[in-house]
Amino acid sequence: MNVSRSQAKPLLAGHPITRRGFLARSAALGAALGAGSLACGTGEQDYAALLSPGERPKQLGVREYVVLREVADRLVPAEGEKPGALALGVPARVDGELAFHGPKLRDDLEAALQLVEWWPLLSKGSRFSRLDPSAQDAVLADMASSRLAARRTAFQGLKFVTVFFTYTQEPTWPAIGYDGPWVPRKRPAALA
Amino acid sequence: MGVIEGSDFSADRREQADVLVIGSGAGGATVAMRMAEAGKRVIVLERGGYYTGLIDPLDPGRPGRGELDQREDDMLARIDGDRGLGTTGDGQVALTYGNCVGGATVHYWADSYRTPADRLALWESRYGVEGHGEDELRPHFERIEADLGIHPAPDSYLNGCNRLFKRGSEALGWLGEPVPQARRGCVKSGYCMQGCSYNAKQSMLVTYVPRAVRAGALVFADARVEKILAENGRATGAVAVVIDRDTQQPTSRRIEVRAKIVVVAAGGYGSAPLLLRSGLANANGQVGKHLRANPCSMVFGLFDEDVVMWRGIPAGYGCMEWRLARDEKGRYREGGYLLMPNQLGPGALAAFLPGFGAEHRRLMESMPRLASTIAWIDDEEEGEITLARDGSAEYALPVIGRNALMLRDSIKKGAQVLLAAGAREVFLADQVGTRIRDEKDLAKIDSVEIGPGAMSFAAPHPAGGCRMGRDPATSVVGSSGETHEVENLYVADPSVFPTAVSVDPSETILAFSHLLSDRLLEKGVV
């Protein structure tokens with residue numbers, strides 16, 4: 001067994017990434033890739049138009065929130081009668097969760113979402129939120145197995161919050177055979 | 001007086017005490033109870049909230065408030081630090097710790113081991129920890145085991161996952177044994193990690209905290225200590241801000257406590273940041289150094305029959321074969337972890353299972369037939385706790401060197417157990433979804449990517465950060481538990497351990513705090 005194989009493969013070889021480092025590099029990547037956003041006509045109003053009437057994030061920016069919706073819909077898509085992350089309100093739950101945390105988590109999440117949104121400009125010539133579902137799946141699969149730790153970490157973080165806040169919801173339990181708690185629910189801790 | 005919650009008062013408070021204890025987990029609750037029962041005026045400041053299940057911990061004849069409601073989402077938010085979303089800086093290791101009255105014991109699995117003799121000997125010989133040998137600790141272990149009803153898990157505790165794990169481990173000829181459990185009247189609901197609704201798990205919430213309160217200790221919940229106060233090289237108290245439970249935001253209310261001694265017991269992830277923020281006991285730059293945390297790997301096995309790993313107790317049978325790392329010709333060969341059955345609810349399971357979309361859904365739909373192993377590695381490569389510019393704590397636990405080797409080996413051994421138990425297929429917790437179908441496939445594990453973002457680990461057992469030792473240049477506290485630099489300032493939690501314990505640390509934390517309490521009382525410090 002070779003130690004070097006076991007070590008992290010950071011974005012910059014030889015310098016293990018820290019949260020700050022991850023953020024800085026992700027943000028730089030996002031900014032560089034997103035420089036084409038103006039040319040693509042991607043102002044905030046374009047993103048806002050994709051939201052339901054009255055649907056607005058409380059913590060994330062509108063662009064990031066729209067990307068989160070797109071990502072959540074691919075990570076846990078609806079399947080027949082089985083609800084997906086969107087129907088379960090997971091993007092709003094994740095957005096609301098940020099109110100309980102310091103700015104670091106929001107910054108990390110936003111950086112991850114920017115990376116998801118703009119990276120496909122390189123490989124597919126389009127931002128993530130404009131890709132069709134199968135192309136979005138391909139982008140996410142590529143992130144999960146990327147050689148770049150920042151891309152993998154972005155995927156991992158987004159997957160964690162999406163699937164956790166999906167499968168902790170009762171409507172998902174019958175399909176997975178989970179028979180649920182034995183005591184009544186107290187006031188949901190998600191409510192500030 | 002009982003437990004005073006943030007919503008119980010509206011003005012600033014000023015208090016006087018003999019002993020101020022910061023934190024109410026295994027370390028702090030023990031000192032608080034012992035000091036209060038010795039007649040000392042004790043005040044406890046606990047950052048997290050006070051949550052109860054079906055029974056009032058302070059008055060078992062009355063119903064509780066039902067806040068320990070068994071929902072992963074709700075309970076991570078209530079009882080876990082960072083509402084369960086804290087990670088190391090690279091996002092790879094989830095930091096699992098308590099943030100409530102009772103601390104991490106509210107979510108622990110109740111596994112209760114005496115400190116292995118080889119670990120105590122190591123701490124003495126290499127780090128100069130004195131007076132904490134087997135002989136000194138034995139009476140405290142005996143007392144703790146009586147207090148918490150600790151007993152080896154009988155076969156009736158073993159759920160489907162445990163039985164499969166035992167079968168696999170025995171088939172491989174690995175050393176295993178019942179895991180000692182701190183439980184009374186367990187109903188085997190499977191919600192230990194969410195905080196026992198039935199007061200059966202003998203956490204500090206239902207044992208030492210109520211005893212401390214009955215003896216007169218005042219416990220403030222929702223009280224986040226901002227700074228430890230010191231004058232002329234002596235600790236004199238602390239100032240806390242009251243946290244609004246519903247929003248988790250600080251209020252304008254303060255609690256200032258003046259005390260003869262201050263005992264920091266904010267936990268392995270909390271005490272070092274508090275000392276750093278207070279600018280105390282760190283002239284040698286050792287606070288926050290030497291962090292270890294038992295990062296753990298998970299492996300999943302799909303069986304033909306129902307397993308239902310979410311019911312019953314988490315780990316009733318453990319594999320001790322690999323507790324200590326084995327080297328060969330000066331190089332790591334194998335071992336260095338406790339290998340155990342795992343228990344996860346659907347939310348956590350979803351986070352650790354590989355893939356996404358339809359593939360991930362199929363795995364989730366096989367949840368009743370999934371078993372899992374978990375391995376707490378006895379990490380040797382040290383991490384560090386530092387402060388960001390805004391004063392928040394940052395944690396580094398890089399998965400490198402021998403830690404990475406141990407994690408990789410633990411994944412392989414977990415897969416072996418599951419295969420030996422009859423798993424049809426084994427899944428690793430990596431994002432690409434590596435699958436193992438037979439012994440030949442085990443070689444895949446040698447090259448699986450385990451770096452940041454590729455595989456997640458959880459780290460529930462922090463140690464170090466305020467290391468105990470003889471040498472003031474390389475440690476933060478002496479063997480008395482008092483900091484080398486600041487008089488009357490003590491640390492009583494796992495951050496004093498020079499290394500990880502190599503078994504679940506709860507009984508070691510309790511024993512160290514009992515010992516500290518004895519010595520404080522014997523010396524008449526207060």
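I need the shape label for segment B:22-168. Rule: rounded when a/c is under 1.5, else prolate if a/b > b/c, else oblate, with a, b, c from the alpha carbon gyration tensor. It is rounded, given that a/c, with a ≥ b ≥ c, falls under 1.5.
Hydrodynamic radius of segment B:1-99 by the Kirkwood approach over all distinct alpha-carbon pairs: 15.7 Å. Distance from the Cα centre of segment B:101-122 to that of segment B:452-485, in angstrom? One Cα centre to the other: 15 Å.
Between the residues A:Leu86, A:Ala48, A:Gln59, the greatest Cα displacement towards the positive end of the dipole of segment A:42-160, with unit charges on the Cβ of Lys, Arg, Asp and Glu, is found for A:Gln59.
Give me the distance between the Cα centres of segment A:153-192 and segment A:43-114, rounded to whole Å. Distance between centres, Cα-based: 16 Å. For segment A:38-168, the relative contact order is 26 percent, taking Cα pairs closer than 8 Å that sit 6 or more residues apart in sequence and dividing their mean separation by the residue count.
For segment B:94-155, what does the alpha-carbon gyration tensor say about shape, rounded, prolate or oblate, given a ≥ b ≥ c as the root eigenvalues, a/c under 1.5 as rounded, and a/b over b/c as prolate?
oblate
For segment B:442-522, the equivalent ellipsoid derived from the Cα gyration tensor has semi-axes of 35, 15, 10 Å, listed largest first. Restricting attention to the protein assembly as shown, close to 70% of DSSP beta bridges with both partner residues there are antiparallel. Highest-first packing order for the peptide set B:134-145, B:411-422 is B:411-422, B:134-145, based on the mean count of other beta carbon atoms within 10 Å. Legend: distances between Cα atoms for B:Lys329/B:Lys413; A:Lys82/B:Lys201; B:Lys188/B:Lys412; B:Lys166/B:Lys444; B:Lys260/B:Lys289; B:Lys40/B:Lys188; pairs beyond 31 Å are A:Lys82/B:Lys201; B:Lys40/B:Lys188. Peptide B:442-451 is shielded by partner chain Cβ atoms: per residue, an average of 4 of them sit within 10 Å of its Cβ.
Rounded to the nearest 20 debye, the dipole size of chain B about its Cα centre is 380 debye, using +1 on the Cβ of Lys and Arg and -1 on the Cβ of Asp and Glu.
Annotation note: GluC sites (Glu not before Pro) in segment A:59-107 located in DSSP loop regions with a Cβ neighbour count of at most 10 within 10 Å are A:Glu81.
Computed over chain B, relative contact order equals 23 percent, with contacts defined as Cα pairs under 8 Å that lie 6+ residues apart. Count the DSSP beta bridges whose two residues both fall in chain B, then state the antiparallel fraction as a percent rounded to the nearest 5. Of all bridge pairs located within chain B, approximately 70 percent are antiparallel. The alpha carbon centroids of segment B:252-318 and segment B:1-79 are separated by 18 Å.
Every number here is computed from the coordinates shown, using simple stated rules; none is lab data. Please read these numbers as outputs of a predicted model, since none were measured by experiment. A quick note on method: Cβ atoms are made from the backbone with ideal geometry, for glycine too, and the neighbour counts reach across all protein chains shown.
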